[in-house]
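Structure first, commentary second.
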Amino acid sequence: MQHLYCALTFSLTTHLSLPDQRIAAVSFLSNNEQELRQLVESAEAAEEIQGRIQLDHWVLVQAMDGKRQVVHVMIDAGMTRISAKDLPLSEKGIKLVFSRRVDRPAHEDPFSIRARWQPVLVAEMNGQKISRVIELNQGSFLGNPVMPVF
C-alpha cells in the first residue's frame, strides 16, 4: 500500500530527470515541468553552485517555497529540529535544496524507492538568479539519509 501511495503522490508532483547532467528535480511549487527545468538550469549555470556539487554522480534538486518546507526536508534527512530551524534562511521565497545520492547505484533510476539522498546545500533564489547559497554541515545529519517525501 505504501508503494501505491508513493507512486500516486509522485505522479501528482512536478518532477523531471536530466540524465545527461545527472540531475533529478522535484518541485513543491505550483509550476510546470518547463518552469522547473528553467529553475534547475539557472541554478546549475550559477557560479555559486558550480564546484559545490559533483555532477559526476546524481544530484537531486528540490524546489520549494519558504523556510518551513526546507526545515521539514532537513528533519526528514536526519537533522535535528533545532539545527534545521537555525538555518540562516529567509522565511519566504524559492529555495532549492541540493542533495547527493548516498547509495550510488550506477544506473538505477534516481526516483527509485530505494534511492537515498542527503542534502548538501540550499540555494535561495531571487527571481531566476541565486541570491545566496548555504552549505550544510554534513555532521548535522544524525539520522539515516532518506528518500524525499513526494
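When only residues in segment 111-142 that are of a type in the set (Phe, Trp, Tyr) and within 16 Å of Met74 (Cα to Cα) count, which is surrounded by the most Cβ atoms within 10 Å (Cβ to Cβ)? So the residue we want is Trp117. Annotation note: Cβ proximity below 7 Å between a residue of segment 1-27 that is over 14 Å from Ala115 (Cβ atoms) and small (Gly, Ala, Ser) and a residue that is at pLDDT 80 or above and open to solvent by less than 40 Å² (accessible area, probe 1.4 Å) (sequence gap 6+ or interchain) occurs for Ser27/Thr14; Ser27/Leu36; Ser27/Ala63.
If you go through segment 75-110 and keep only what is surrounded by fewer than 18 Cβ atoms within 10 Å (Cβ to Cβ) and of a type in the set (A, V, I, L, M, F, W, C), you end up with Ile75, Ile82, Leu87, Val102, Ala106.
The values are calculated or read from the model by the stated rules, or taken from the named source; none is laboratory data. The structure displayed is predicted, hence computed values, not measured ones. Reconstructed Cβ throughout: ideal geometry from the backbone, glycine too, with neighbour counts over all protein chains shown. To get the accessible areas, we keep the full protein, side chains included, count just its heavy atoms, and leave off ligands, DNA and RNA. Shrake-Rupley method; radii C 1.70, N 1.55, O 1.52, S 1.80 Å.
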